[in-house]
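Visitor: After the C-alpha coordinates below, expect a handful of questions from me.
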Amino acid sequence: MVKLWGVLSLVMVILMPAYSKFPPTCNRIECPAYDVIDSGDEFEIRRYNSPVWASTAPIPDISLREATRAGFLQLFDYIQGKNSYNEKIEMTAPVITEVSPSDGPFCESSFVVSFYVPGVNQADPPPARGLHVQRWNSTYVAVRQFGGFVSDENIGSEAAALDESVFDTKWGAAISKSRGGGSGASIYTVAQYNSPFEFEGRVNEIWFLFDIEDVAAAQA
(Lines give C-alpha, C1' and ligand atoms only; values in the text may rest on other atoms or scores of the structure.)
Protein backbone atom coordinates (compact mmCIF):
# COMPACT_ATOMS: atom_id res chain seq x y z
CA MET A 1 0.00 0.00 0.00
CA VAL A 2 2.86 2.40 0.86
CA LYS A 3 4.57 1.72 -2.47
CA LEU A 4 1.28 2.21 -4.34
CA TRP A 5 0.67 5.54 -2.61
CA GLY A 6 4.21 6.61 -3.54
CA VAL A 7 3.57 5.82 -7.20
CA LEU A 8 0.22 7.65 -7.13
CA SER A 9 1.84 10.69 -5.48
CA LEU A 10 4.50 10.78 -8.20
CA VAL A 11 1.83 10.62 -10.90
CA MET A 12 -0.09 13.46 -9.24
CA VAL A 13 3.06 15.63 -9.21
CA ILE A 14 3.76 14.91 -12.88
CA LEU A 15 0.18 15.74 -13.87
CA MET A 16 -0.03 18.87 -11.69
CA PRO A 17 -0.45 22.00 -13.85
CA ALA A 18 2.28 24.66 -13.85
CA TYR A 19 -0.10 27.23 -12.33
CA SER A 20 -3.07 27.22 -10.00
CA LYS A 21 -6.10 29.43 -9.63
CA PHE A 22 -5.09 30.60 -6.15
CA PRO A 23 -1.88 30.03 -4.14
CA PRO A 24 -2.85 27.88 -1.11
CA THR A 25 -0.75 29.97 1.30
CA CYS A 26 -3.13 32.86 0.66
CA ASN A 27 -5.86 30.94 2.47
CA ARG A 28 -3.80 31.38 5.67
CA ILE A 29 -2.17 34.79 5.39
CA GLU A 30 -2.88 37.99 3.48
CA CYS A 31 -1.80 38.21 -0.16
CA PRO A 32 -2.30 40.93 -2.78
CA ALA A 33 -5.66 40.76 -4.54
CA TYR A 34 -5.75 39.95 -8.24
CA ASP A 35 -8.14 39.00 -11.03
CA VAL A 36 -7.38 36.22 -13.52
CA ILE A 37 -7.75 37.78 -16.98
CA ASP A 38 -6.67 34.85 -19.15
CA SER A 39 -4.97 31.46 -18.97
CA GLY A 40 -3.17 29.25 -21.44
CA ASP A 41 -0.62 26.48 -21.72
CA GLU A 42 1.23 26.58 -18.36
CA PHE A 43 0.59 30.26 -17.70
CA GLU A 44 -2.08 32.69 -16.59
CA ILE A 45 -2.51 36.44 -16.91
CA ARG A 46 -3.40 38.30 -13.71
CA ARG A 47 -4.32 41.89 -12.99
CA TYR A 48 -3.04 42.99 -9.58
CA ASN A 49 -5.12 45.68 -7.97
CA SER A 50 -2.68 48.37 -6.79
CA PRO A 51 -0.63 46.46 -4.18
CA VAL A 52 1.90 48.18 -1.91
CA TRP A 53 5.36 46.74 -1.27
CA ALA A 54 8.24 47.47 1.11
CA SER A 55 11.38 46.94 -0.96
CA THR A 56 15.12 46.74 -0.44
CA ALA A 57 17.67 48.71 -2.40
CA PRO A 58 19.15 46.75 -5.33
CA ILE A 59 21.35 43.91 -4.07
CA PRO A 60 24.27 43.00 -6.36
CA ASP A 61 25.05 39.27 -6.29
CA ILE A 62 25.66 36.31 -8.56
CA SER A 63 23.14 34.21 -6.59
CA LEU A 64 19.38 34.72 -6.52
CA ARG A 65 19.14 32.51 -3.46
CA GLU A 66 21.73 34.46 -1.45
CA ALA A 67 20.38 37.86 -2.52
CA THR A 68 16.83 36.84 -1.60
CA ARG A 69 18.03 35.56 1.77
CA ALA A 70 19.86 38.83 2.50
CA GLY A 71 16.85 40.89 1.45
CA PHE A 72 14.40 38.77 3.42
CA LEU A 73 16.44 39.13 6.62
CA GLN A 74 16.28 42.90 6.21
CA LEU A 75 12.51 42.74 5.63
CA PHE A 76 12.02 40.34 8.54
CA ASP A 77 13.67 42.85 10.88
CA TYR A 78 11.32 45.46 9.42
CA ILE A 79 8.14 43.52 10.24
CA GLN A 80 9.51 42.63 13.69
CA GLY A 81 9.48 46.33 14.57
CA LYS A 82 12.82 47.66 13.36
CA ASN A 83 11.20 50.61 11.65
CA SER A 84 10.60 54.27 12.44
CA TYR A 85 7.27 53.50 14.17
CA ASN A 86 8.64 50.53 16.18
CA GLU A 87 5.57 48.73 14.84
CA LYS A 88 5.25 44.99 14.28
CA ILE A 89 3.62 44.03 11.00
CA GLU A 90 1.82 40.81 10.12
CA MET A 91 3.57 38.38 7.78
CA THR A 92 2.14 38.23 4.27
CA ALA A 93 2.88 36.42 1.02
CA PRO A 94 4.51 36.31 -1.37
CA VAL A 95 8.01 37.64 -0.89
CA ILE A 96 9.06 38.70 -4.37
CA THR A 97 12.49 39.20 -5.89
CA GLU A 98 12.84 41.32 -9.01
CA VAL A 99 15.76 40.00 -11.05
CA SER A 100 17.74 42.17 -13.45
CA PRO A 101 20.08 39.56 -14.96
CA SER A 102 23.71 40.25 -15.72
CA ASP A 103 25.18 40.03 -19.20
CA GLY A 104 27.33 37.02 -18.33
CA PRO A 105 27.33 33.90 -16.12
CA PHE A 106 30.06 35.18 -13.77
CA CYS A 107 28.83 38.76 -13.46
CA GLU A 108 26.67 40.12 -10.67
CA SER A 109 22.96 40.50 -11.32
CA SER A 110 20.77 43.01 -9.45
CA PHE A 111 18.01 41.87 -7.09
CA VAL A 112 15.29 43.86 -5.31
CA VAL A 113 13.45 41.91 -2.60
CA SER A 114 9.96 43.05 -1.57
CA PHE A 115 7.41 42.32 1.15
CA TYR A 116 3.70 42.82 0.51
CA VAL A 117 2.43 45.46 2.94
CA PRO A 118 -0.81 44.35 4.68
CA GLY A 119 -3.93 46.35 3.88
CA VAL A 120 -4.10 47.80 7.38
CA ASN A 121 -0.65 49.38 6.94
CA GLN A 122 -0.87 50.54 3.33
CA ALA A 123 -2.08 54.09 3.99
CA ASP A 124 1.03 54.82 6.05
CA PRO A 125 3.68 52.07 5.85
CA PRO A 126 6.32 52.47 8.57
CA PRO A 127 9.50 53.98 7.10
CA ALA A 128 12.79 52.16 7.65
CA ARG A 129 16.40 52.80 6.72
CA GLY A 130 17.43 50.95 3.58
CA LEU A 131 13.84 50.26 2.47
CA HIS A 132 11.49 52.14 0.19
CA VAL A 133 7.77 51.82 -0.57
CA GLN A 134 6.52 50.82 -4.01
CA ARG A 135 2.89 51.57 -4.86
CA TRP A 136 1.91 49.68 -7.99
CA ASN A 137 -0.85 50.90 -10.22
CA SER A 138 -3.20 48.27 -11.59
CA THR A 139 -0.59 45.91 -13.03
CA TYR A 140 -0.77 42.99 -15.43
CA VAL A 141 1.39 39.94 -14.75
CA ALA A 142 2.06 36.75 -16.70
CA VAL A 143 2.53 33.92 -14.20
CA ARG A 144 4.03 30.44 -14.22
CA GLN A 145 3.77 28.38 -11.05
CA PHE A 146 6.12 25.61 -9.95
CA GLY A 147 6.84 23.63 -6.80
CA GLY A 148 9.84 22.69 -4.70
CA PHE A 149 12.56 25.07 -3.60
CA VAL A 150 13.77 27.97 -5.72
CA SER A 151 17.44 27.55 -6.62
CA ASP A 152 20.01 29.22 -8.81
CA GLU A 153 19.98 26.08 -10.93
CA ASN A 154 16.24 25.91 -11.71
CA ILE A 155 15.11 29.51 -11.87
CA GLY A 156 16.50 30.28 -15.32
CA SER A 157 14.73 27.33 -16.91
CA GLU A 158 11.43 28.27 -15.24
CA ALA A 159 11.69 31.84 -16.55
CA ALA A 160 12.55 30.52 -20.01
CA ALA A 161 9.54 28.18 -19.90
CA LEU A 162 7.19 31.08 -19.15
CA ASP A 163 8.80 33.11 -21.93
CA GLU A 164 8.20 30.25 -24.36
CA SER A 165 4.59 29.78 -23.18
CA VAL A 166 3.56 33.41 -23.78
CA PHE A 167 5.75 34.21 -26.80
CA ASP A 168 3.22 33.37 -29.53
CA THR A 169 0.12 34.50 -27.62
CA LYS A 170 -1.73 37.80 -27.89
CA TRP A 171 0.18 38.89 -24.78
CA GLY A 172 3.65 38.13 -26.14
CA ALA A 173 4.45 41.50 -27.74
CA ALA A 174 3.31 43.48 -24.68
CA ILE A 175 5.32 41.29 -22.33
CA SER A 176 8.45 41.49 -24.48
CA LYS A 177 8.22 45.27 -24.66
CA SER A 178 7.83 45.72 -20.91
CA ARG A 179 10.66 43.32 -20.12
CA GLY A 180 13.14 45.14 -22.30
CA GLY A 181 12.47 43.84 -25.79
CA GLY A 182 13.17 40.15 -25.62
CA SER A 183 14.16 37.07 -23.65
CA GLY A 184 17.63 36.22 -22.36
CA ALA A 185 18.66 39.02 -20.00
CA SER A 186 15.15 40.46 -19.61
CA ILE A 187 13.82 41.42 -16.19
CA TYR A 188 11.59 38.96 -14.32
CA THR A 189 10.26 38.47 -10.78
CA VAL A 190 10.32 35.41 -8.54
CA ALA A 191 7.45 35.07 -6.04
CA GLN A 192 7.84 32.69 -3.09
CA TYR A 193 4.88 31.83 -0.85
CA ASN A 194 6.36 29.47 1.76
CA SER A 195 8.80 29.68 4.63
CA PRO A 196 12.08 27.75 4.23
CA PHE A 197 10.84 25.34 6.91
CA GLU A 198 7.91 24.11 4.82
CA PHE A 199 8.90 21.09 2.75
CA GLU A 200 5.56 20.00 1.27
CA GLY A 201 3.09 21.86 -0.91
CA ARG A 202 5.56 24.59 -1.76
CA VAL A 203 4.42 27.22 -4.28
CA ASN A 204 6.67 29.51 -6.30
CA GLU A 205 5.93 31.66 -9.32
CA ILE A 206 7.73 33.43 -12.14
CA TRP A 207 6.18 36.81 -12.91
CA PHE A 208 6.55 38.94 -16.03
CA LEU A 209 5.09 42.39 -15.33
CA PHE A 210 3.70 44.47 -18.16
CA ASP A 211 1.93 47.82 -18.48
CA ILE A 212 -1.75 48.57 -19.03
CA GLU A 213 -0.85 50.54 -22.16
CA ASP A 214 0.98 47.52 -23.55
CA VAL A 215 -2.03 45.31 -22.82
CA ALA A 216 -4.25 47.63 -24.85
CA ALA A 217 -1.75 47.51 -27.72
CA ALA A 218 -1.66 43.72 -27.57
CA GLN A 219 -5.44 43.48 -27.77
CA ALA A 220 -5.81 46.03 -30.58
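Visitor: Provide a single number: the residues in the stretch 108-136 that are more than 17 Å from Thr56 (Cβ to Cβ) and open to solvent by 70 Å² or more (accessible area, probe 1.4 Å). Lay out the reasoning, then the answer.
Guide: The initial filter retains those residues of the stretch 108-136 that are more than 17 Å from Thr56 (Cβ to Cβ), namely 118-124.
The next check asks that each one be open to solvent by 70 Å² or more (accessible area, probe 1.4 Å); those that pass are 120, 123-124.
Number satisfying all stated conditions: 3.
Visitor: Still on this model: Which numbered condition in (1) at pLDDT below 95; (2) closer than 29 Å to Asp168 by Cβ is the only one that Val2 fails?
Guide: (2)
Visitor: How many of the residues in the stretch 88-107 are open to solvent by 10 Å² or more (accessible area, probe 1.4 Å), touching a helix residue (DSSP H, G or I) at 6+ places or on another chain (Cβ under 8 Å) and in contact (Cβ under 8 Å) with a residue 12 or more places away in the chain?
Guide: Of the residues in that region, 4 qualify.
Visitor: Within the stretch 92-112, identify whether any single residue is under 18 Å from Leu209 (Cα atoms), acidic (Asp, Glu) and modelled with pLDDT of 95 or more, and answer yes or no. Full working, then the answer.
Guide: Of the residues in the stretch 92-112, the ones under 18 Å from Leu209 (Cα atoms) are 93-101, 110-112.
With acidic (Asp, Glu) added as a condition, the list becomes 98.
Checking which are modelled with pLDDT of 95 or more leaves us with 98.
For the stretch 92-112, residues under 18 Å from Leu209 (Cα atoms), acidic (Asp, Glu) and modelled with pLDDT of 95 or more: present.
Visitor: Then there's this: Within the stretch 201-216, how many residues are open to solvent by 20 Å² or more (accessible area, probe 1.4 Å) and either touching a helix residue (DSSP H, G or I) at 6+ places or on another chain (Cβ under 6 Å) or modelled with pLDDT of 90 or more (or both)? Write out each step before concluding.
Guide: Initially, the stretch 201-216 is screened for residues open to solvent by 20 Å² or more (accessible area, probe 1.4 Å), giving 201-202, 209, 211-213, 216.
Filter again for either touching a helix residue (DSSP H, G or I) at 6+ places or on another chain (Cβ under 6 Å) or modelled with pLDDT of 90 or more (or both), leaving 202, 209, 211.
Selection size over the stretch 201-216: 3.
Visitor: Could I ask something else about it? Residues Glu158, Glu164: which one is outside any loop (DSSP other than H, G, I, E, B), over 21 Å from Pro94 (Cα atoms), acidic (Asp, Glu) and open to solvent by 30 Å² or more (accessible area, probe 1.4 Å)? If you could, list the steps in order and put the result at the bottom.
Guide: On the way: Glu158 fails: over 21 Å from Pro94 (Cα atoms).
Answer to the check: Glu164.
Visitor: May I pose another question? Which pairs have Cβ atoms under 7 Å, sit 6 or more apart or on different chains, and link a residue in the stretch 156-176 that is farther than 12 Å from Phe43 by Cα and modelled with pLDDT under 95 to one that is part of a helix (DSSP H, G or I) and open to solvent by 60 Å² or more (accessible area, probe 1.4 Å)?
Guide: Listed by first residue and then by second, the contacts come to Lys170/Gln219; Ala174/Ala217.
Visitor: Oh, and also: Every residue in the stretch 51-72 that is open to solvent by 60 Å² or more (accessible area, probe 1.4 Å) and either closer than 22 Å to Ile175 by Cβ or not aromatic (Phe, Trp, Tyr) (or both), please.
Guide: Those that are open to solvent by 60 Å² or more (accessible area, probe 1.4 Å) and either closer than 22 Å to Ile175 by Cβ or not aromatic (Phe, Trp, Tyr) (or both): Pro58, Pro60, Ile62, Arg65, Glu66, Arg69.
The values are calculated or read from the model by the stated rules, or taken from the named source; none is laboratory data. This one's a predicted model, so the numbers in the text were calculated from it and none came from an experiment. For neighbour counting, all protein chains shown are included, and Cβ atoms are generated from backbone atoms with ideal geometry for every residue, glycine included. Each accessible area value is taken on the protein alone, full model and side chains, heavy atoms only, with ligands, DNA and RNA left out. Shrake-Rupley method; radii C 1.70, N 1.55, O 1.52, S 1.80 Å.
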